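Step one of this worksheet: look at the structure below.
Just so it is clear, none of the values below were taken in a lab; they were calculated from the coordinates. What you are looking at is a predicted structure, and each value in this text was computed from that prediction instead of being measured. Here the Cβ is made from the backbone with ideal geometry for all residues, glycine too, and neighbour counts use every protein chain on show.
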Amino acid sequence: MKDCVFCKIIKGQLPAKKIFEDENFLAFNDISPKANTHILVIPKKHISKISDCQDSDQNLIGGLILTAKKIAAKKNIKGYKLLFNVDKEGGQVVFHIHLHLLAGKKINLEQC
């Protein structure tokens, strides 16, 4: 998608502090963290919101969760929250699906 901030990060057109990257997924620190650890895990395939996913995206969605699990293990994070915001009414601001990995004592789920 031409104007998508996350697509621009994937293409290297915008900076991000990358935590993880492979052929399907990218993870980076949120620029407005709502917890001590706040990492966004995104697919490289553009899908605007979870409600736009198709049955064929099942492996991609599972891959987001497994990627978050790998990142948590690598960073030795024992307890954490995983969160999807869906559509404006659900708090979604960037319309490229992304999974929030949140950990630490200060977790503010308002405007996550």
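Among the listed pairs 45/88; 2/106; 8/78, give every one whose C-alpha distance is greater than 23 Å.
On the way: 45/88 21 Å; 2/106 35 Å; 8/78 32 Å.
Pairs exceeding the cut-off: 2/106; 8/78.
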Loop trypsin sites (Lys or Arg not before Pro), the stretch 39-87 (other Cβ atoms within 10 Å of the site Cβ: 10 or fewer; DSSP): 78
Pairwise Cα inverse-distance average, inverted: Kirkwood Rh of the chain (Å): 14.2
Selection from 36, 16, 84, by position along the positive dipole direction of the stretch 1-100 (Cβ): 36
Computed [θ] at 222 nm, deg cm²/dmol, the chain (DSSP H ≥ 4; -39,500 (n - 2.57); rounded to nearest 500): -6500 deg cm²/dmol
Inter-label distance, nm, simple model (7 Å from Cα along the C-beta direction), residue 78/residue 93: 3.1
Computed log₁₀ I(q)/I(0) - Debye formula, equal Cα scatterers, no solvent, the stretch 1-50, q 0.33 Å⁻¹: -1.37
The chain: relative contact order as a whole-number percent, Cα under 8 Å and 6+ apart: 32
